[in-house]
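Data block below; observations after.
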Amino acid sequence: MNFPAKRSAGMTLDHVWIFAALAFIALRSLLTPIPPNDFWWHMATGRLIVASGQIPTVDSFSYTRAGEPFYNQSWLGQLLMYELYQFGGVALVIVAQAVLLAGTYGLLLRLCLRRTDRLRLSVAFLLMATMPASFDNWIVRPQTYALPLFVAYLYVLDGWAGGRRQEAGGGGQGAGGGGQGAGGGGQEAGGRRTGKSVSALLPYQLWILPALGVIWVNLHGSFVLGGALIGLTFVGEGLRRFVADRHTPPPPDRPPLRQLFLAGALTGVAWLINPGGFQVLGYVRNLLGSSAVTQLVTEWAPQTVRGVGGAIFFSFVIIGVVLLSYAPRRPDPVGMLVAGAFFWLALGAVRNNIWFIAVATPLLVDQLTSWFPRGKGPSFQGAMPINAALAGVIGLLLLLALPWVKPTLGLPPEVGSIFSPDTPIAAVDFLKAESQRPARLFHEMGYGSYLIWADPRQKVWADPRIELYPLEQWLDYQRLSGGIRADELLVKYDIDGLLLSNKNQESLVEYAQARPQVWEQRYADEGMTYFVHTR
């Protein structure tokens, strides 16, 4: 960080920059209402784990797949979400999400500082490029809980291989850049590795990888990305050393590759510490190969410029290409290999862009700083009272965005509520009060998730566990929602109730409204309509 030669007492402008970076990330999370799709069925599964004392292995939420085997890999994340709910309600779950994201990107910021020692450029890039390209994936679900583990892997691997930047002429390792001590790969303050760290069979910081792997494999299916980071770093370091060693003698303090190989092997073993053992690898393989997942789920679709999120993503990519192509400094080849692999993943599925943005950020910040040489004097730190006032304004915004405060401010529902407007709260409350409810209800997919949580007695037709239901059922869902072959499909599934989205299932709503003698409309609001068969 660019602190003055003699640090000012009290709050400096650098402190404000750091606080602003973390606060605005948390603020974006706090201002985002929870969408119904994934959150509620994860919560309901966490509740079931607590109530039964075991992880469910068969489906008990739907009537179309009741009793079918279901591999619940994200049980630890579900349990964590539900325990937070029990302690402080949904509001605490949201606040925990905000704190988690702020901490995650705070660690990513620290990684950028360790590479470049340029605080304000790093913060500016984080807020203006990294955050907009990432926040579409900041949904309250186990995947978000896996993100800090991913960034922790990045941080540890970068610290272990920290010597490569000196060899490649990369960013400095000054005193303000986060250091290379406790978290930085066993290096001394000046960037040299201690002989003890190199001679050790496995440096202590690499033990973090298998330890985190045990948590990750029980948290979310993205655990395989940790292995990918280790493997890509191993290959990249091996190739870089092969080329470099042909021209210059290797530095004596360079860590041996066998350390990383051993860490990767132990991480693979750590993956087996889960309730299903080797089954977890089959789960990931089956999920990625599921036709229903790859064909029907929007976030598993390839990137496109037709949406706002896609436009932001490709803008980030264009900025990255410019920085990598024209910056005075040559990019780190290992970072290029890792970023290239994750860019390929991101092109294939929208949900993967969050991983790519994370690995690309330190690489691009490193390139960006080569365009802005450091001034000779200390950076301007401002006046302490003004700095404190700026931090106070940011803190006030955080306070007003808290889920205990925000609903009282009279904001529009799409901003002021902690739940997305398409959450069928009122409709399900009405359904629960019915003396005779449908036995085989058809509904919008996201509504199924909320039904699982809010009305466990009401079995669902389907819900966002895409891999549980066969492709043909999802194709029938699309047809029926569009009013195609409605008569045939309603009979096929023996459906006696409809809870429909007026926007996403408009054709089926019109179909039922046109047949009042068969489908009695019991409830309607701006977003949804509920019908019951009159038989």
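Some points to look at:
- For MET384, the solvent-accessible surface computed with a 1.4 Å probe is close to 90 Å², ligands and nucleic acids excluded.
- Within segment 204-248, trypsin sites (Lys or Arg not before Pro) in DSSP loop having at most 14 other beta-carbon neighbours inside 10 Å: ARG246
- In this structure the amide hydrogen of PHE442, modeled in the peptide plane, comes within under 5 Å of the amide hydrogens of ASP496, GLY497, LEU498, LEU499, none closer than 5 places in sequence on its chain.
- Karplus-derived 3J(HN,Hα) values for segment 126-138, using 6.51 cos²θ - 1.76 cosθ + 1.60 with θ = phi - 60°, are 4, 7, 8, 10, 5, 5, x, 7, 10, 6, 5, 9, 8 Hz; glycine and proline are entered as x.
- Lys, Arg +1 and Asp, Glu -1 on Cβ, resulting dipole of the chain about Cα centre, debye, nearest 20: 2100
- Since only PHE356, ALA339, SER325 are under comparison, the one whose Cα sits farthest along the positive direction of the charge dipole of segment 285-403, derived from C-beta charges on Lys, Arg, Asp and Glu, is SER325.
- Rounded accessible area of LEU498 (nearest 10 Å², 1.4 Å probe): 0
- Under 5 Å from the amide H of ILE34 lie the amide H atoms of PHE419, SER420, each residue being 5 or more positions distant or on a separate chain, with H modelled from the backbone and absent for Pro and chain starts.
- Anisotropy class of segment 415-535 from Cα gyration tensor, a/c 1.5 cut: rounded
- Environment charge of ALA91, counting only residues whose C-beta is closer than 15 Å and scoring Lys/Arg +1, Asp/Glu -1: 0
- Here is how the number arises for the chain: DSSP H runs of 4 or more residues each give -39500 (n - 2.57), the sum is divided by the residue count, and the result at 222 nm is -17500 deg cm²/dmol.
- Under the span-like rule (Cα at least 30 Å along the axis, Kyte-Doolittle mean at least 0.5), DSSP H helices of the chain: 75-116, 223-244
- Antiparallel DSSP beta bridges within the chain, as percent of all bridges there, nearest 5: 70
- Take each peptide in 323-333, 55-65, count the other Cβ atoms within 10 Å of every residue, and average; sorted highest first, the result is 55-65, 323-333.
- Each part reduced to its alpha carbon centroid, segment 455-511 and segment 76-95 end up 30 Å apart.
- Globularity index of the chain is 1.08 (Cα radius of gyration / 2.2 N^0.38 Å, N = number of residues).
- Between the amide H of MET528 and those of ASN502, distances stay under 5 Å, these residues lying 5 or more places away or on another chain, with hydrogens modeled in the peptide plane.
- In Å², nearest 10: area of SER74 left accessible to a 1.4 Å probe: 10
- For segment 220-282, a Kirkwood radius taken over Cα pairs fed into Stokes-Einstein (10 °C, viscosity 1.306 mPa s) yields D = 117 µm²/s.
- Split the accessible area of segment 52-109 by element, probe 1.4 Å, and carbon with sulfur accounts for 64%.
- Cβ charges +1 (Lys, Arg) and -1 (Asp, Glu), total dipole of segment 319-446, debye: 400
The values are calculated or read from the model by the stated rules, or taken from the named source; none is laboratory data. Computed from a predicted structure; not experimentally measured. Methodologically, a virtual Cβ is constructed for each residue, glycine included, from the backbone with ideal geometry; neighbour enumeration extends over all protein chains shown. Ligands, DNA and RNA are excluded from the accessible area calculation, which covers all protein heavy atoms including side chains. Shrake-Rupley method; radii C 1.70, N 1.55, O 1.52, S 1.80 Å.
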